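Working notes, beginning with the structure itself.
Any read-out appearing in this document is the output of simple, stated calculations on the displayed coordinates, not a laboratory observation. As the structure is a prediction and not an experimental result, all values here were calculated from the model. All Cβ positions, glycine included, derive from the backbone under ideal geometry; neighbour counts span all protein chains shown.
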């Protein structure tokens with residue numbers, strides 16, 4: 001983009017220089033035409049002045065056109081940036097829903113029971129909420145986020161399953177008899 005800006009700036013400088021040169025030539029031709037001693041020379045200088053003046057007008061018109069186009073492009077770029085900025089929440093919500101849908105299927109396929117499934121779903125929702133506020137949420141592919149959260153969910157599922165197994169084992173173990181009862 002900067003090379004395009006550099007080129008536009010260079011062209012604008014050349015056009016301004018060309019307009020100045022044309023004006024200097026037009027002034028010279030005008031002075032010489034007014035000072036001409038014979039009609040033929042005055043007419044030739046007048047035609048030359050007319051040609052140079054026309055060239056200067058065209059140069060100035062081109063400068064104005066390029067300035068309008070640059071202003072239009074800047075306006076379009078600002079408008080596109082504003083549209084993109086306003087669109088971020090909608091894009092974020094859509095991406096969140098897409099990731100959530102894939103992970104919910106995984107959770108309920110892998111969950112050992114409904115309680116674990118609910119716990120994992122709540123954990124996943126919290127992880128998604130945290131991701132949505134990161135600067136890279138919309139930049140990285142959906143699959144990256146699905147895999148990242150899936151790994152964390154699988155770790156939590158294993159932890160929940162181990163805790164459930166310990167609780168079940170503790171519940172199944174016979175209680176020790178108090179001393180002297182027997």
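For a label point 7 angstrom out from the Cα of residue 144 toward its Cβ, which stretches of the range 96-120 have the backbone nitrogen within less than 18 Å?
96-100
Against the longest principal axis of the chain, how steep is helix 39-110, in degrees 0 to 90 to the nearest 10, with axes from Cα atoms?
0 degrees
Starting from the 7 Å offset along Cα-to-Cβ, what nm value, one decimal, do you get for the label separation of residue 55 and residue 7?
2.5 nm
Modelling each spin label as a point 7 Å along the Cα-to-Cβ direction, I'd like the residue 135/residue 34 distance in nm, to one decimal.
In this crude spin-label approximation the distance works out to 6.3 nm.
How far apart, in nanometres, would the label points at residue 74 and residue 44 be if each is projected 7 angstrom from Cα along the Cα-to-Cβ direction?
Label at residue 74, label at residue 44, 4.7 nm between them.
How big is the range 2-67 by the Kirkwood estimate over distinct Cα pairs, in Å?
With all distinct Cα pairs of the range 2-67 included, I get 13.1 Å.
Kindly provide the pair-distance distribution of the range 60-108 built from C-alpha pairs, with 10 Å bins from 0 and whole-percent values in order of increasing distance.
22, 23, 19, 15, 11, 7, 2, 0
Calculate how large, on average over all directions, the projected area of the Cα convex hull of the range 88-171 is; give the answer in nm² to one decimal.
5.4 nm²
Quick one: Cα centre-to-centre distance for the range 141-182 and the range 49-86, in angstrom?
69 Å
Of the listed values [x] 16.2, 54; [y] 15.3, 44; [z] 39.0, 146, grab the one calculated as Rg and Dmax of the Cα atoms in Å from the structure here.
Here Rg and Dmax of the Cα atoms in Å agrees with entry [z].
Going by alpha carbons, how many degrees (0 to 90, nearest 10) lie between the helix axis of 142-172 and the longest principal axis of the chain?
10 degrees
Could you tell me how many cubic angstrom of Cα convex hull volume the range 121-169 has per residue?
Given the Cα convex hull of the range 121-169, per-residue volume reads 63 Å³.
Where does helix 114-132 land angle-wise versus the long Cα axis of the chain, in degrees 0 to 90, nearest 10?
Helix 114-132 sits roughly 20 degrees off the main axis of the chain.
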